[in-house]
1. Scan ARG451, ARG488 and give me the residue that is free of Cβ contacts under 8 Å to residues at least 60 places away in the same chain and of a type in the set (D, E, K, R).
2. Limited to the range 104-122, what total is found for residues that are in contact with a Gly (Cβ under 7 Å, 6 or more places away or on another chain) and open to solvent by 30 Å² or more (accessible area, probe 1.4 Å)?
3. Just to check your reading of the model, which residue among VAL170, VAL157 is in contact (Cβ under 8 Å) with a residue 24 or more places away in the chain, open to solvent by less than 40 Å² (accessible area, probe 1.4 Å) and within 17 Å of LEU221 (Cβ to Cβ)?
4. It is to be established whether one or more residues within the range 244-265 are farther than 22 Å from LYS5 by Cα and in contact with a Cys (Cβ under 9 Å, 6 or more places away or on another chain).
5. From the list LEU375, LEU346, LEU379, LEU364, which one is at pLDDT 95 or above, of a type outside the set (Val, Ile, Thr) and open to solvent by 20 Å² or more (accessible area, probe 1.4 Å)?
6. Of the residues that make up the range 276-283, is at least one assigned to a strand (DSSP E or B) and either open to solvent by 50 Å² or more (accessible area, probe 1.4 Å) or basic (Lys, Arg) (or both)?
7. Please go through the range 382-402 and pick out each residue that is open to solvent by 40 Å² or more (accessible area, probe 1.4 Å), in a loop (DSSP other than H, G, I, E, B) and not basic (Lys, Arg).
8. What about GLN125, is it of a type outside the set (Ser, Thr, Tyr) and either surrounded by fewer than 24 Cβ atoms within 10 Å (Cβ to Cβ) or touching a Lys or Arg at 6+ places or on another chain (Cβ under 7 Å) (or both)?
Amino acid sequence: MAVLKCTEDIIKRGANTIRFLSADGVQKANSGHPGMPMGMADVAFILWTHFLKFNPMVPDWVNRDRFVLSAGHGSMLLYSMLYLCGYDVTIEDLKSFRQWGSKTPGHPEYWCLPGVETTTGPLGQGFANGIGMAIASKIVAERFNTPEYNVFGDHKVYAIVSDGDIMEGVACEAASLAGHLGLGNIIYIYDDNRITIEGKTDLTFSENVHKRFEAYGWQVLNADAYDYQGFINAVEAAINENDKPSIIITKSHIGYGSPNKQDNAEVHGAPLGEEELKLSKRNMGWYEDKEFFVPEDIKELFNERVKELTEEYKKWEIKFNEWKSKYPELYREWLKFVNKEVPDNLEKELLEVVKDASDATRKLSGKVIQKAADLVPNLVGGSADLAPSTNTYMRAYESISQGNFRGRNFHFGIREHAMGSILNGVSLYGGFIPFGATFLVFSDYMRPPIRLAAMMETQVIYVFTHDSIFIGEDGPTHQPIEQIASLRLIPNLIDFRPADWVEVAMAWAYAIRRKDGPTALFLTRQKVPALERDSNFSPDDVLKGGYILSNSKKEVPDVVIIGTGSEVNVAVEAKRILDEKGLDVRVISMPSVKLFKQQDDNYKKCLIPSDSKVVVVEAGVTSLWKDITDSSTMVIGIDRFGASAPYKVLAEKFGFTRESVAQKILNWLSK
């Protein structure tokens with residue numbers, strides 16, 4: 001049985017330090033969520049002083065325990081802990097909680113402070129991120145540990161999760177997969193305070209969480225947040241369970257210590273108020289006239305804990321250096337992995353594997369993935385039960401499964417939301433370049449983690465196939481109309497809708513090289529031809545987002561037609577008809593609207609002169625194309641849902657044949 005390292009009195013003093021640092025921060029900001037930090041301060045103190053492995057001087061230590069505050073509304077708890085544990089956090093940072101330019105925002109933001117492992121707040125996301133981190137840890141351990149040196153993956157992923165996390169669907173999806181994979185390196189503490197914003201949880205929530213997680217395949221433990229020995233024993237039991245993830249259902253009181261607001265929904269998301277804060281301090285035997293106060297004995301206790309952990313880090317460092325000396329080749333692989341090194345000739349290799357091929361861009365992408373997997377060991381990924389359709393299975397490599405983390409293929413099951421969130425966790429772990437695949441229309445299920453990936457600037461690649469009405473007979477439920485436009489709206493998400501083999505290869509090369517955010521590839525189900533290009537074309541032109549595919553005779557053409565994806569060839573064919581009518585037409589392929597918008601004005605005006613008429617051809621909503629150019633613009637698109645029919649029939653009915661596009665342009669010009 002584990003034993004207390006501190007006396008109960010010291011734990012209470014340490015917990016009160018955390019409790020009132022947090023409450024003071026919320027009160028000073030006059031904004032925030034004091035209830036959760038007050039209720040879980042005792043648990044946090046025990047975790048950091050008895051169990052959590054970290055080094056504030058080396059906050060990105062690969063073998064640290066990861067701590068995720070999935071209940072991100074309680075961010076002052078995390079900020080207080082980082083301050084007490086000697087991270088690069090000052091008391092002024094705590095006092096500037098939620099203020100402009102501060103390092104302590106309302107919800108934890110990835111690396112706003114060293115020690116913040118992920119951006120949390122949208123409930124359920126941190127829960128699933130942690131599972132991604134746990135998977136990544138197991139893969140790293142399998143790749144780089146040796147029989148005598150366990151220097152990687154010898155750590156746990158801890159999280160504090162709330163009633164809201166447990167209710168969110170993404171947590172259900174992720175928990176199911178974690179249990180299936182037997183992720184024994186997960187220890188989650190469920191803050192079971194039975195309060196949400198609207199009141200007591202029994203308004204909406206009466207399920208047996210214990211039995212639910214047992215059914216998922218988790219070890220379920222129970223503890224009281226204020227029974228210190230009982231909680232310590234529960235954490236020890238979780239640490240000793242290597243074949244199942246563990247969740248500790250921890251009974252707590254929101255706003256613990258507040259005479260008038262404990263166990264009240266009001267304390268969830270509003271400051272206590274000056275008078276109630278003083279009463280709370282008095283009630284807990286604290287210093288009611290002091291703000292942001294840390295007693296000397298508590299400072300010393302945390303200093304001693306950091307010294308202990310520093311010694312542990314030094315022992316690990318010795319082992320790491322021995323491993324490095326004994327296995328120099330493995331060490332070189334490790335360095336390449338950590339730095340995400342990519343071959344200099346990546347673009348050339350990827351272009352060569354699909355050169356001059358005419359096929360669906362999803363199939364071309366599949367060929368590129370096989371080559372990329374060989375060239376870039378960091379690349380891992382899978383699909384939401386759609387690998388045969390998305391062409392994303394890396395055939396030369398194993399699948400990850402329970403007890404086997406040697407592989408690189410993930411099977412996420414039909415869990416798009418969890419897939420997106422787990423990919424974020426894998427990316428945040430470091431070293432990996434993860435991708436996830438599904439049909440484009442189902443990207444709606446995973447929009448929250450896509451948005452968070454863009455916010456955190458994490459490298460994740462989304463492979464969205466079946467990208468338009470031209471998937472055909474499956475009908476409007478499966479035919480994306482608004483999804484591409486909607487995803488283009490997300491800041492820092494780079495879009496690619498490639499038109500043929502060249503653009504597919506270059507899109508993948510860009511996504512693999514990009515380290516400051518996610519990239520989405522929109523790929524066709526139907527076959528597209530290999531396009532002819534002007535002689536001065538360079539594949540690097542693709543990375544400008546838009547380029548001249550088929551030029552006009554004049555510097556300022558009568559009409560500029562912009563196409564994306566499968567509609568680029570339609571634009572080329574329509575140009576031939578218009579040329580015969582005596583019009584001077586230029587065709588621009590625009591595989592990435594975001595990258596094109598990033599180009600300087602001279603480049604954009606060179607492609608799209610302000611005096612030219614502009615036509616956009618894309619099988620999706622039309623409303624967001626107007627800001628591409630100052631010129632008079634017509635958009636040939638779709639502003640209604642699709643229909644069930646063969647794709648060639650749909651092209652005819654919705655006006656995406658060469659003849660129809662050419663006629664629409666002629667009619668528009670004649671007005």
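1. When all the criteria are applied, what remains is ARG451.
2. Selection size over the range 104-122: 1.
3. After ruling out the rest, the residue left standing is VAL157.
4. no
5. One residue alone meets the criteria, LEU375.
6. No, the range 276-283 contains no residue that is assigned to a strand (DSSP E or B) and either open to solvent by 50 Å² or more (accessible area, probe 1.4 Å) or basic (Lys, Arg) (or both).
7. Across the range 382-402, the qualifying residues are ASP385, ASN391, TYR393, ALA396, TYR397, GLU398, GLN402.
8. Criteria not met by GLN125.
The values are calculated or read from the model by the stated rules, or taken from the named source; none is laboratory data. These numbers come from a predicted model, not from an experiment. Every residue, glycine as well, gets a Cβ built from its backbone with ideal geometry; the counts of neighbours run over all protein chains shown. Just the protein is used for accessible areas: all its heavy atoms, side chains included, with ligands, DNA and RNA removed. Shrake-Rupley method; radii C 1.70, N 1.55, O 1.52, S 1.80 Å.
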